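Taking it in order: structure first as structure tokens, then the write-up.
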Amino acid sequence: MAAESTPDPAITEPGTTGPRRGGKGHRRKARSSRRKALRVTAWTAAGVVVLGGAGAGFVYFKLNGNIRSVDINQALGSDRPTKIDNGSENILVLGSDTRSGKNRKLGGGSDDGSARSDTAMIVHVYEGHRRAGVVSIPRDTLVDRPRCTDTKGTAHPAASAVMFNEAYSTGGAACAVKTVESLSGIRMDHYLEVDFEGFQRLIDDLGGVRVKTTKAIDDPQSHLHLEAGAHTLDGERALGLVRTRHGVGDGSDLGRIQLQQAFVKALIDQVEHVGVLTNPKKLFDLADTATKAVTTDSDLGSVNALMDFAGGLKGIGSSHMKMVTLPVRYDPANPNRVLLERDKASLVWNALKNDRPIPAAATAGTATGEATGVVTG
């Protein structure tokens with residue numbers, strides 16, 4: 001995943017400074033111990049608290065200096081959906097396939113000088129912050145991209161029937177958010193982005209992620225070769241897993257999304273076994289990597305903001321996450337593209353707007369990638 005940035009190394013695009021968050025949560029047996037979904041941020045927050053004492057000032061400024069953010073509110077202005085004030089939050093999570101810097105050698109594929117949103121998920125945190133709904137948007141979905149202005153102030157004209165991930169390659173984070181808001185009618189409260197290098201380093205710092213595969217996966221394009229059985233995936237193989245589309249299922253982006261969702265749940269379930277809270281150095285190293293790896297909206301532009309945000313996500317384990325793919329059908333004119341099932345998609349958006357569970361009818365009978373159950377935690 002890539003970035004629009006401000007300070008310091010390892011991400012792309014100018015813009016702003018601010019926060020970041022990301023993270024990993026995990027599922028504990030007792031409800032009070034359940035960690036959080038998507039929360040490298042949680043470890044960032046915890047790192048400042050645990051290290052404390054004389055080194056607290058250094059830790060705070062060190063982690064603050066790592067943070068990159070983009071000012072999406074300024075770029076998009078007031079022409080956006082009204083914020084839903086019901087205690088819920090909506091976060092657009094993007095993974096970018098930029099090939100800049102160290103990303104050039106990671107994840108397979110070639111460097112064509114551009115970056116696209118390789119992964120896109122809307123994370124809806126319900127009121128009370130005990131449950132979450134996750135809607136994956138296939139990158140190959142043909143959409144009408146609205147006119148948008150990127151964080152450099154450059155305006156980009158609207159376009160019809162273009163792939164969803166073209167929004168990011170056209171105008172970065174701001175245009176990606178604008179497109180999602182146009183599709184859903186829902187305002188994104190926050191934005192989170194990770195690139196290949198950041199994802200790989202985070203998994204390595206966590207000591208890998210344990211998964212089981214019910215069949216062999218062999219995909220030279222994503223550099224992934226896994227026999228059926230149990231595996232502890234390091235960062236390189238985890239990256240290969242969430243990017244593979246030719247090694248399993250029907251070879252579509254929809255199958256890749258099913259693998260990504262299974263991996264995210266395995267990651268959340270595992271964090272309890274990492275032991276970072278009893279190992280301050282490991283905790284700091286993870287927080288340091290996390291704050292370098294993730295780019296967010298400017299509202300999350302400091303360690304304090306990240307701590308508050310992470311604290312609000314406690315209690316969400318994988319069993320409390322409902323993950324679906326935006327309802328689509330294969331394009332009869334091009335099997336490598338998918339078209340939105342608008343009536344069913346409306347069921348998804350209305351559920352999130354009203355802070356209700358996504359109904360099963362929303363995804364019944366829609367296209368799938370035939371990779372369900374291939375990967376488990």
Exercise. Looking at region 223-244, is at least one residue surrounded by fewer than 22 Cβ atoms within 10 Å (Cβ to Cβ), over 16 Å from ARG139 (Cα atoms) and in contact (Cβ under 8 Å) with a residue 40 or more places away in the chain?
Worked result: yes
Problem set entry | Lone unmet requirement of (1) closer than 30 Å to GLY315 by Cβ; (2) open to solvent by less than 10 Å² (accessible area, probe 1.4 Å); (3) not charged (D, E, K, R) for GLN270 | (2)
Exercise. Looking only at region 246-261, which residues are among the polar types (S, T, N, Q) and open to solvent by 20 Å² or more (accessible area, probe 1.4 Å)?
Worked result: GLN258, GLN261
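Yes/no per residue for (1) open to solvent by 50 Å² or more (accessible area, probe 1.4 Å); (2) modelled with pLDDT of 85 or more:
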position	(1), (2)
ASP308	yes, no
VAL324	no, yes
ARG337	yes, yes
ALA351	no, yes
For this session: State which residue pairs qualify: first residue open to solvent by 10 Å² or more (accessible area, probe 1.4 Å) and inside region 174-187, second residue part of a helix (DSSP H, G or I) and acidic (Asp, Glu) in any location, beta carbons under 8 Å apart, and separation of 6 or more residues or different chains.
Result: ARG187/GLU181
For this session: Grab the strands (runs of 3 or more DSSP E) fully contained in region 128-179, keeping just those with 3 or more residues being farther than 14 Å from LEU94 by Cβ.
Result: 141-145, 159-163
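The values are calculated or read from the model by the stated rules, or taken from the named source; none is laboratory data. Please read all numbers here as calculations on a predicted model, not as lab measurements. All Cβ positions, even for glycine, are placed from backbone atoms using ideal geometry, and neighbour counts span all protein chains on display. For the accessible areas, the whole protein counts, side chains as well, though only heavy atoms, and no ligand, DNA or RNA atoms are used. Shrake-Rupley method; radii C 1.70, N 1.55, O 1.52, S 1.80 Å.
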